[in-house]
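So the structure is just underneath, and the comments pick up after that.
The values are calculated or read from the model by the stated rules, or taken from the named source; none is laboratory data. The structure displayed is predicted, hence computed values, not measured ones. All Cβ positions, even for glycine, are placed from backbone atoms using ideal geometry, and neighbour counts span all protein chains on display. Surface areas here come from the heavy atoms of the whole protein model, side chains and all, with no ligands, DNA or RNA. Shrake-Rupley method; radii C 1.70, N 1.55, O 1.52, S 1.80 Å.
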Amino acid sequence: MGIKKKFAKYVSLNVLGMLGLSCYIIADSYFIAKAQGTNGLTALNLVLPVYNIIFAIGSMIGVGSAIRYVVEKAQGRKEADNYLFNAIAFTTIIGLIFSFVGLVFPNKLLELLGADSEIVATGTTYTKIFMTFAPVFMWNYVANAYVRNDGAPTTAMIATLSSSFFNIAFDYVLMFPLKMGMSGAALATALSPVVGIAVCMTHILSSKSHIRLKLCMPSVVRLFKSCQVGVSAFVAEISSGVITLAFNFLMMRCAGNVGVAAYGVVANVALVVVAVFNGIALGSQPLISDCYGKNEQHEVNVLKRLSFITAFVMACILYTFLFVATSEVVMVFNSENNELLTQYAEVGVRLYFTGIFFAGLNIVGSSFYSATEKARTAFVISMSRGFVLILIFAFTLAVLFGMNGIWLAYMASEAGTFIIMCILEKLGNRNTKRQQ
């Protein structure tokens, strides 16, 4: 199969998988709001940063170790097989720390996150159940990353979709017919990665698999090397929590509860939009890492160009749809037909998503640099768009232009990050020419 056909296959399957994951997150919020009302949704939103941390660590170690595995495997190094066990060992250790906190101090954790006594009563059991399964969430990221990097993107996609659909189905069954409330929601979420791991194992245990679980002494050095190239995956997961907190704060000051609700509409749509770009990044990464490890520079350049073109084309399609169908998109999340919410959200959708033209390029760019072991460049790009610039522009533009300034902060931060990425690219090319 030619490199372009491989690219099309890997990217399309990963985009489908990521879209399925984003739909599950939206469905989870919807069911909890239906079954438990405002208190349930508040409890869920308060523990979301904990979710973000668990997922971010699992993603960083899983994706990072899989990249190191592919590159060293392509270079013929025997140590490549050590990365899988190393990833499992450290995700287990870190995951058990989260499990301990969830089992022993769930109420204290909720209080620390800002919950009052009523919300603590609602969310304690939920927090205890999902945090107990923290190691399983992390193992799922490791398994999926290795399967995807071992030439089985279809299995990785099926694993992600199966996990998501299981969560959605059991959310409904446990919360409504069985009337388990928040406990049912937590149990459905906690068991969903087990389904994903089970699907991944069908490849890992098959004759087609090149993955080997080689027992070895856990190595902090190997962990650090994995985290170096997995940092963009970490920032992608953790930054959403930071941005949500900042935007909620600013919206509350500018427009009160309705402004926060309007941002909630935009944030839910953003989950789906960013899922497309993450799918492109995750789909192209295994191919880029493999070609890079084999020193096939021409193929690396072809994949890089295809990734950027695909991201830009998808950004054009997505923004055109959102611009034309703004009212219909907002209506999906505005069941009470609040006119002020509609007004805020429609303006928000059209302004906020001007940033996706740069966001798509930045996401695939950061993934490309991670895949080719340019960890420092990937880190700078990820930190710029995920923390530094978005917070600077959000607070600055809010002061200058009010609510419209907050909406435009996303575009400004992504544009700024793109400029930084172009500068780093030019500097990197100059250094390469000097070395030659």
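When the C-alpha atoms of the range 266-345 are aligned to their principal axes, what extent does each axis show, in angstrom, from largest down?
Principal extents (largest minus smallest coordinate, Cα): 58, 18, 14 Å.
Near LYS128, which lysines are there with a Cα under 21 Å away, not counting those fewer than 8 places off in the same chain?
Correct list for LYS128: LYS108, LYS179.
So if I place +1 on the C-beta of Lys and Arg and -1 on the C-beta of Asp and Glu, and nothing else carries charge, what would the dipole magnitude of the chain be about its Cα centre? I want it in debye, nearest 20.
Values: 30 positive and 20 negative charges, 357 e Å.
Magnitude of the dipole: close to 1720 debye.
Work from the charge dipole of the range 213-355 (Cβ charges, +1 for Lys and Arg, -1 for Asp and Glu, about the Cα centre) and give the residue of ASN278, ALA345, THR326 farthest towards its positive end.
Ranked along the dipole, the leading option is ASN278.
Can you give the log10 of the normalised intensity I(q)/I(0) at q = 0.20, 0.25 Å⁻¹, computed with Debye over equal Cα scatterers of the range 98-194?
Each listed q maps to, in turn, -0.97, -1.16.
State which entries of LYS73/LYS208; LYS5/LYS78; LYS4/LYS294; LYS78/LYS374; LYS9/LYS214 exceed 27 angstrom in Cα-Cα distance in the structure shown.
As for pairs spanning more than 27 Å Cα to Cα, those are LYS5/LYS78; LYS9/LYS214.
Does the range 1-82 classify as rounded, prolate or oblate by the C-alpha gyration tensor (a ≥ b ≥ c root eigenvalues; a/c under 1.5 gives rounded; else a/b over b/c gives prolate, otherwise oblate)?
Verdict is oblate for the range 1-82.
By Kyte-Doolittle mean hydropathy of at least 1.6 and Cα axial length of at least 20 Å, which whole DSSP H helices of the chain are selected? Don't skip to the answer; put the middle values down first.
Details: long enough: 3-74 (51 Å, 0.84); 82-104 (34 Å, 1.80); 117-132 (22 Å, 0.39); 134-149 (23 Å, 0.16); 153-175 (33 Å, 1.04); 181-204 (35 Å, 1.48); 220-293 (52 Å, 1.26); 297-324 (41 Å, 1.24); 356-371 (22 Å, 1.31); 403-435 (49 Å, 0.07).
Those that pass (Cα extent of 20 Å or more, hydropathy at least 1.6) are 82-104.
Convert 4 °C to kelvin, take the viscosity as 1.567 mPa s, use the Kirkwood radius over C-alpha pairs of the chain as Rh, and evaluate the Stokes-Einstein diffusion coefficient in µm²/s, rounded to a whole number.
Values: Rh = 22.3 Å.
The estimated diffusion coefficient comes to 58 µm²/s.
How big is D for the range 1-157, in µm² s⁻¹ as a whole number, if Stokes-Einstein is applied with the Kirkwood radius of its Cα pairs at 25 °C and 0.890 mPa s? Present the calculation step by step, with values, prior to reporting the outcome.
Numbers: Rh = 17.4 Å.
My calculation gives 141 µm²/s for D.
Going by a ≥ b ≥ c, the root eigenvalues of the Cα gyration tensor, does the range 155-261 fall in the rounded group (a/c under 1.5), the prolate group (a/b larger than b/c) or the oblate group?
On the way: a/c = 2.85, a/b = 1.32, b/c = 2.16.
Oblate, since a/c reaches 1.5 and b/c is not below a/b.
Which peptide among 53-64, 126-137 comes first, and what is the full order, when sorted by highest mean count of other Cβ atoms within 10 Å? Could the numbers behind the result be given before it?
Working: 53-64: 25.6, 126-137: 23.3.
Per-residue mean Cβ counts within 10 Å order the peptides as 53-64, 126-137.
Among SER209, ALA262, LEU48, which residue has its Cα furthest toward the positive end of the charge dipole of the chain, with +1 on Lys/Arg Cβ and -1 on Asp/Glu Cβ?
It is SER209.
Would you kindly work out the equivalent ellipsoid of the range 44-130 from its C-alpha gyration tensor and give its semi-axes, the square roots of five times the eigenvalues, largest first in whole Å? List each step's numbers first, then the result.
On the way: eigenvalues 267, 27, 9 Å².
So the equivalent ellipsoid measures 37, 12, 7 Å along its semi-axes.
Taking only protein heavy atoms into account and a 1.4 Å probe, give the accessible area per residue of the chain in Å².
Details: 19400 Å² over 436 residues.
So the chain comes to 45 Å² accessible per residue, rounded to a whole number.
Taking the Cα atoms of the range 95-142, what is the range of coordinates along each of the three principal axes, in descending order and whole Å?
In descending order, the Cα extents are 36, 15, 15 Å.
Given charges of +1 on the Cβ of Lys and Arg and -1 on the Cβ of Asp and Glu, with all other atoms neutral, how large is the dipole of the range 291-427 about its Cα centre, in debye to the nearest 20? Could you put the intermediate results ahead of the total?
On the way: 8 positive and 9 negative charges, 118 e Å.
Using Cβ point charges on Lys, Arg, Asp and Glu, the range 291-427 gives about 560 debye.
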